[in-house]
Amino acid sequence: MMGNGVSSDKIRFVRLILVALVLISAACAKDVVTGKTTLNYYSIDSEIRLGNYVMKQQLDELTRAHKTYDSDKDKRQLTLLKYIVDDIAKVSHYPNFPYEVHLANLPIVNAWCAPGGKVMVYEGLWDPMRGLVQKTDVDELAAVLAHEIAHANARHVTEAISKNTTIYTLGSIMTGVASAGIGRTGGLFRDVFDEGFRVFVPYYSRQNEAEADRLGLYYMSKAGYDPRAMVRIWERAAKMKRGNEADIYATHPTSKKRQRLLEKYLPKAIEIFERACAEGRGRCSDRIKSFISQKK
């Protein structure tokens, strides 16, 4: 007990609270994508390192399980995906992210983008029976890729980690445990096992999904891809049954409200697309038109 009647434990508690508040305040900044003040402990460089780590873990898991990715037989499709990712990256808020895309030979109907622009696509995405898109429909492929890249540009993963870290930190202080906990990665990726194979599936809130829908719609439009494809594929997704936990139908909430919001933004997006197309971007570029005209 201190001479003034205040215990040393209480003083220590107050100091820890003040330190936590300073850390939180320092981590708050205006998001360049949404314009909102957000909490994010990660610098852009650390975010990129995190994305590199996540992708390496998934590729290592593919190798361990003797699953193939970026194979020669998929060279043409992978080239198309790279073209589209490149087009979208150029018009994104973070064009200098080290974007890359991998194609895994797995029947999972999904795709995701790790922090910093590392994209994984599973070939089940265009499965004739269960898939979400047509394999050679550049607009539908762009819709999915733009949505996932939008998550990375909005920094949804590291914002979620930062939020969880703050809750953990304050909770630790309240129980007398002085731990910053900034290394925690709770809420980053869920581990889903598909026939014994470990698949990384990102976790996003409904607000995150709504932001990625809107942002992705404009990204694909600016890149020169028809935004009507995004409305079309989410309408298709809403009708599909939720089976495999790793599939996009399970990880992306679908609803009439979500589709109506997309339709609300569609007129402006179409105008942007038509201007981009007139400038020879995306599906109107020589390389994409040449690619489409080639025989399989």
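The values are calculated or read from the model by the stated rules, or taken from the named source; none is laboratory data. Computed from a prediction, not measured in an experiment: that's the story for all the values here. Positions of Cβ are backbone-derived with ideal geometry, glycine not excepted, and every protein chain shown enters the neighbour counts.
Of the residues screened, Tyr218 is one that is in contact with a helix residue (DSSP H, G or I) (Cβ under 8 Å, 6 or more places away or on another chain), surrounded by fewer than 23 Cβ atoms within 10 Å (Cβ to Cβ), modelled with pLDDT of 90 or more and part of a helix (DSSP H, G or I). Only a single criterion out of (1) farther than 17 Å from Cys113 by Cβ; (2) crowded, with 18+ Cβ neighbours inside 10 Å; (3) charged (D, E, K, R) is not satisfied by Glu47, namely (1). Could you tell me whether Ala212 is small (Gly, Ala, Ser), assigned to a helix (DSSP H, G or I), over 30 Å from Thr63 (Cα atoms) and at pLDDT 80 or above? Criteria met by Ala212. Residue-level check: of (1) closer than 28 Å to Asp60 by Cβ; (2) at pLDDT 95 or above, Glu195 misses just (2).
In the stretch 110-124 there is no residue matching the filter, namely being touching a strand residue (DSSP E or B) at 6+ places or on another chain (Cβ under 7 Å), among the hydrophobic types (A, V, I, L, M, F, W, C) and either part of a helix (DSSP H, G or I) or surrounded by fewer than 22 Cβ atoms within 10 Å (Cβ to Cβ) (or both). For Arg190, the conditions (1) at pLDDT 70 or above; (2) outside any helix (DSSP H, G or I); (3) over 21 Å from Ser92 (Cβ atoms); (4) not hydrophobic (A, V, I, L, M, F, W, C) are fulfilled apart from (1). Hey, does the stretch 131-148 have a residue that's outside any loop (DSSP other than H, G, I, E, B), among the charged types (D, E, K, R), out of contact with any Lys or Arg (no Cβ under 8 Å at 6 or more places or on another chain) and at negative phi? Yes; the residues of the stretch 131-148 include at least one that is outside any loop (DSSP other than H, G, I, E, B), among the charged types (D, E, K, R), out of contact with any Lys or Arg (no Cβ under 8 Å at 6 or more places or on another chain) and at negative phi.
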